[in-house]
Every structure is written in C-alpha cells, then in structure tokens.
Number of protein chains: 2
Amino acid sequence: MTRPGSATVAPPRQLTARGLATRARIVDAAADLMYVKGVNATTLDDVRAASSTSKSQLYQHFADKDELVRAVVARRAGQILEREQGYLQRLRSFRGLERWRDALVQRNALQNGAYGCALGSMASELSDQDDEARQTLAEAFAEWTGLIAAGLRRMQDAGSLSDTADPDKLAVGLMAALQGGYLLAETQHDITPMETALDMALDHIRSFLTK
Amino acid sequence: MTRPGSATVAPPRQLTARGLATRARIVDAAADLMYVKGVNATTLDDVRAASSTSKSQLYQHFADKDELVRAVVARRAGQILEREQGYLQRLRSFRGLERWRDALVQRNALQNGAYGCALGSMASELSDQDDEARQTLAEAFAEWTGLIAAGLRRMQDAGSLSDTADPDKLAVGLMAALQGGYLLAETQHDITPMETALDMALDHIRSFLTK
DNA sequence: CTCTGCGTGGACCTTATAGTCCAATTTAGC
DNA sequence: GCTAAATTGGACTATAAGGTCCACGCAGAG
C-alpha cells in the first residue's frame, strides 16, 4: 500500500487476465455462499475455501469484507437484471406477463422457496447496515421495476392495456407482491403464498385490459 | 446443570418475580437491538449492556444465543399480533381497511422506512438458519393473515364484500403487498413504494365491493 | 534469457464474541 | 432472624473471524 512508484493510493491497479479471473472466482463463490447462508454468516474463510484462493488474494482485490459484499451486490444486481431483461424486454402482452410469473415461480419452486430473492434477502440484511450497498440495491429494484413498467407501456401502445392504468404504480405494486411473495414462501417453505400474491397482482392488472 | 435434587435436567427452573423481570428486560433489549442492527450483528455484549445485566444472567435464562433469538421472535410475534388484533378484530368495512393501511404507513414513516417490518426482517434473516424460529414466524404470519381474512369475511357477512371474493387469498395477497412494500421502502428509505403497494392491493379488494 | 512487478500461498497477529465459572448477594419461606 | 435457593456480578477462557505480512512463483516486456 505504501509502495512508491506505482499509483498514488490504491485505485484499481491494473489487473492481468489471471488476476481478473481470480477476482471473478472470489465474487462468484461469495455470492453463492451469501445467498444461501446470508451475508453476515458467510466468513471470509468460507469464501476462501469455496473459491480455492488464499487470504492474500481476497485482500488483493478487496480492501475489506464490506468491499467484497458490495462487489457481490453489484454482481447479483447485474445477473438478475440481465436475466429479467431477457424475459421482460420483449414483453408486449398479458400472456407474456403470465409467462414471466410462471418462470419466477418455477425457479423458486426448485428450492421450495428457500433463500428467497437474491436481491431481496440482501436488501433486507444490508439496507440498514451499509448505505452504499443499499443504494445499489435500490437502483437495481428501480431498474427491475422499470423493465416491468416499460412492458406495461408497450401493452398500452399496443392497445391491450387501458390508458387509465398507471404503468409505474402497477409495476411497483407487482414488484412488492413479488418480494412479499418471496418472503412468505421462504418463511413457510412453500411457494403457494408467492403464487397467490403474484396472481392477485396480475388479476389487478388484468382489470385494466381492454379486451 | 448437574445439581441433583432439583428437577431432572434443566427445565424452566422456578423463577421468582425478580428473575422474571430480568428475563423480560433481556428479551426486550435484545428485541430492540436485533430490530435495528439485525440478529446476527447484535452481540450478547450489546444485549448485556442495553439490559443492564451480566453474562451469567443471560446464560441463566437462555442456554445460548439461539435460544435468546427464539425468545425474541416469540416476543415480537406476540407484540405484533396483539397490536394487529386491536386494529383488525373489529374490522367490518373497507374504510376500516384503509384506516389500518394508514396506521401502518404512518408508523413506518416515522423512521422513514428504516428497519422494515419487525417480523419480516427476522423472517428474512432467520428462515434459512433456524428452523424453529422459521416455524414460529410462519405461524405468526399465518395468524396475522388470518386476522385480515376474518375481517374480510365479516365484510362479506355484512354484505359489503362480494361472495365471489376469496378472503383467504385476498388476505395473503395483502400481506405480501405489505411485506414487499416494507422491503422496498426500507431499501429506498422512502415509504412511497409501500403506499403504492398497499394501495394496489386495496384497489383490488375494492373491486369486490358490492356498493 | 532475465528482470520487473503483479499474483499467490499460507503462516501469523489481533480482536471480538460466545460461552464458563464461582464467589458474593438478595429473596422468600419458616 | 435463619437458611436454602435463587439471583447476580464480572473475571476468565476458548475460539472463530477479520485482517496483516512476507517470501516465492510466474508471465510478459526488453
């Protein structure tokens, strides 16, 4: 850190391909562990073991655990948004919304509701502990909700959704139903409440269909 | 623990009023700390300091931290259900549902959404770590949802809610909207999404009103 | 081929935290 | 009051976890 000659402080010193690969391996392993065990309950030793790295490599890439956590948050946000973009960017019909719902429910059914939403569980655990993580998560939720709202707007443009509907509010409501559904499913170890919650939100949106 | 003559193992040895008061002080302090800092981030030393007790007293009343956590979960569940009973047991009209919504939103606005729902945040943190806590939380959610469903049924009996409405499903959907709203509000430090989510759920229920 | 510096392994240190123990004190029945 | 049990205070231990350090390895530029 006090080595002169290199960059001034400790900004992203230039990484080789190998370094980048190690870093990715660490973040991936940490993301998996933190999803299953929770952020706090995941130790750096867990991460080290799961990623087949050593302590020095962790601290080569991250100043401390908080920074690793933030990298995990960013990574998860990126992953989920990319996945959701795949589902939502072509959304143009209510049927598409139903398919989206089915995909989420099915994915969650694989683990019987356990662990909840990767974004939601981190949001709950970190929002009041790490403001930077909180902001990243808030932005991720906003983008995710935005994808839904955009889809609803396309439905309006296509004439299938009434102009009296407010896509932004409907999207927020749908996202809340999704997150609440995840939480209840996680607690009950049963995805039924998640289905019920999403169905109710979709029923409500259905009431705005024009045909 | 190996003291002969008293009860066989270590069942709730008989407590005096003083002991009971100490125990309550510990659980209360722990509940507050865990709500604000999270369960994992709350140390027994924090609890000890906040409750003005000593280590031996903690271990007098709880075998280990997990047991304290379970006591906190049970306590919170009891508190919230008691509070919600006050609001919901006389619920007979849609207006009453709106008042209930307003009360929850207002309470959450006091802290700008921070910390979320006391039950929800514990559910998220504990569901995949402590199965006993998870079950208690699941039952608490079920009871809470049941209070809402019972209110909706009274509305049906009074003729203001259509018989085609399914009170149980609507209650689950409303609870999910509430919990999802809490989570989004906590993440954004802004209660707007909570309001939006609850409004959407209420709008949907409104569509089943008969007059 | 060899020199430079990023990249790596893992021992080591420090602190914080869960959990133990026992002597001293208070309480409650007799 | 007296005695036994309940209660309390706080020092003490063990360990797990975060974080530091340094010697060595390796890969690419000259």
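None of the figures in this text is laboratory data; all of them are computed from the coordinates on show. From a predicted model like this one, the values you see are computed outputs, not experimental measurements. Because the Cβ atoms are built from the backbone with ideal geometry, glycine has one as well, and the counts that use them run over all protein chains shown.
The value obtained for the protein assembly as shown, namely the Cα convex hull volume divided by the number of residues, is 188 Å³ per residue. For segment B:15-62, pairs of C-alpha atoms spaced more than 13 angstrom apart make up 49 percent of the total. In this assembly of identical copies, the label point of A:A17 (Cα plus 7 Å along Cα-to-Cβ) is separated from its counterparts by 7.8 nm, sorted shortest first.
Projecting the Cα atoms of A:G113, A:A71, A:G180 onto the charge dipole of chain A, computed from C-beta unit charges around the Cα centre, puts A:A71 farthest toward the positive end.
Summary for A:G159: label point 7 Å along Cα→Cβ; distances to the equivalent points in the other copies, ascending, 4.3 nm. Local charge for A:R70 was computed over the other residues whose Cβ lies under 9 Å away, with Lys and Arg +1 and Asp and Glu -1, and equals -4. Pairs from the table (A:K211/B:K169; B:K37/B:K169; A:K37/B:K169; A:K169/A:K211; A:K65/A:K169; A:K55/B:K55) lying more than 29 angstrom apart at Cα are B:K37/B:K169; A:K37/B:K169; A:K65/A:K169; A:K55/B:K55. Shape class of segment A:75-206 from the Cα gyration tensor (axes a ≥ b ≥ c, square roots of the eigenvalues): oblate, since a/c reaches 1.5 or more and a/b does not exceed b/c. In plain terms, the chain from A:A63 to A:D168 could stretch by 33.9 nm, reckoned as 0.36 nm per residue minus the Cα-Cα distance.
Assuming R0 = 30 Å, what is the FRET efficiency of A:Q106 and A:D131, from their Cβ-Cβ distance, to the nearest 0.05? So the FRET efficiency works out to roughly 0.30.
Considering helices alone, the calculated mean residue ellipticity of chain A at 222 nm is -24000 deg cm²/dmol, with DSSP H runs of length four and up weighted by -39500 (n - 2.57) and normalised per residue.
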